[in-house]
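A short worksheet on the structure shown next.
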Amino acid sequence: MLNFTLSGLPPRESKPRRYGITMVMDKGLSLRETEDMLDSASEYIDIVKLGFGSAAITPRLKEKIKIYKDAGIPVYFGGTLLECFIARNAFDDYVRYLDQYGITHAEVSDGSLEMKHDEKCGYISRLSKHVTVLSEVGSKDAEKIIPPYKWIELMKTELSAGAWKVIAEAREGGNVGIYRGSGEVRYGLIEEILTQVPAEDILWEAPNKAQQVYFIKLLGSNVNLGNIATNEVIPLETLRLGLRGDTLLHFLGKEGA
């Protein structure tokens, strides 16, 4: 919703969005902080991840989930929590907890826990019968370099297994996976992935502003972006709309063209 009339702003998909998704990472907001964030930014948030295994120790978890649900925003547990259950041979318990807390989305990852890809796809397939699945590709280990052809193969296979979106790993710091340790984008990797996997099927983790700017300039205002900090939702939306210096001229150029 705009408070001012401005012509030529890039169009944004309306909620519920199929693409142009903003995934916010909640690392432990209080109930009051959650309400405050949604009061100002719920229109721009499409889905919330309760980061890593934080859902296991978040106080008044059901109340927090209800706040998000009442705002029309799906919540899911971080993929690391599922890995913790899998490591203990407790996958069925995890599924029961999804039902107990009314969770409609789930993330499947193997960024910390080594597992065969067929096994991971099996979890995607099984979960997709109950909830909407996001699967994460890439390792949290900065020393583990996955070649582009492998990223493509993994993403395609996981989408075929039932994933709604594949998440390109970057961690909360934006310094692994699709980025170098410095946070610089691995440009060649991104370009190769996009030759084989549709952009609308990928949610790029982009916690840092420079990374967000790169993807918006590359793929437009309706690129899927994730691991957005709770206080960076409106700043990101201004980038998407060319209401910030980093993208203002980019979208004016598109208008002129």
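Summary table below
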item: Qualifying positions in the range 98-123 - in contact with a strand residue (DSSP E or B) (Cβ under 8 Å, 6 or more places away or on another chain), surrounded by fewer than 21 Cβ atoms within 10 Å (Cβ to Cβ) and in a helix (DSSP H, G or I); result: Leu98
item: Count - residues of the range 2-42 that are at positive phi and exposed (fewer than 11 other Cβ atoms within 10 Å of the Cβ); result: 1
item: Members of the range 139-151 that are modelled with pLDDT of 85 or more, surrounded by 12 or more Cβ atoms within 10 Å (Cβ to Cβ) and not basic (Lys, Arg); result: Ile146, Pro148, Trp151
item: Meets criteria (more than 26 Å from Ile146 (Cβ to Cβ) and in a strand (DSSP E or B)) for Val95; result: no
item: From the options Gly253, Gly242, residue that is more than 24 Å from Met155 (Cβ to Cβ), surrounded by 19 or more Cβ atoms within 10 Å (Cβ to Cβ) and of a type outside the set (Val, Ile, Thr); result: Gly242
item: Residue count for the range 66-96, restricted to those that are more than 18 Å from the chain's Cα centre (by Cα) and of a type outside the set (D, E, K, R); result: 11
item: Condition check for Arg88: exposed (fewer than 15 other Cβ atoms within 10 Å of the Cβ) and either in contact with a Leu (Cβ under 6 Å, 6 or more places away or on another chain) or within 28 Å of Lys120 (Cβ to Cβ) (or both); result: yes
item: Members of the range 190-204 that are under 19 Å from Arg18 (Cβ atoms) and either of a type in the set (Val, Ile, Thr) or outside any helix (DSSP H, G or I) (or both); result: Val197, Pro198, Ile202, Leu203, Trp204
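Residue-by-condition table, conditions (1) buried (at least 17 other Cβ atoms within 10 Å of the Cβ); (2) hydrophobic (A, V, I, L, M, F, W, C); (3) in contact with a helix residue (DSSP H, G or I) (Cβ under 8 Å, 6 or more places away or on another chain); (4) assigned to a loop (DSSP other than H, G, I, E, B):
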| position | (1), (2), (3), (4) |
| --- | --- |
| Val176 | yes, yes, no, yes |
| Gly181 | no, no, no, yes |
| Gly188 | no, no, yes, no |
| Gly226 | yes, no, no, no |
| Leu236 | yes, yes, yes, no |
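The values are calculated or read from the model by the stated rules, or taken from the named source; none is laboratory data. Here the structure is a predicted model, which means the values were calculated and not measured. Reconstructed Cβ throughout: ideal geometry from the backbone, glycine too, with neighbour counts over all protein chains shown.
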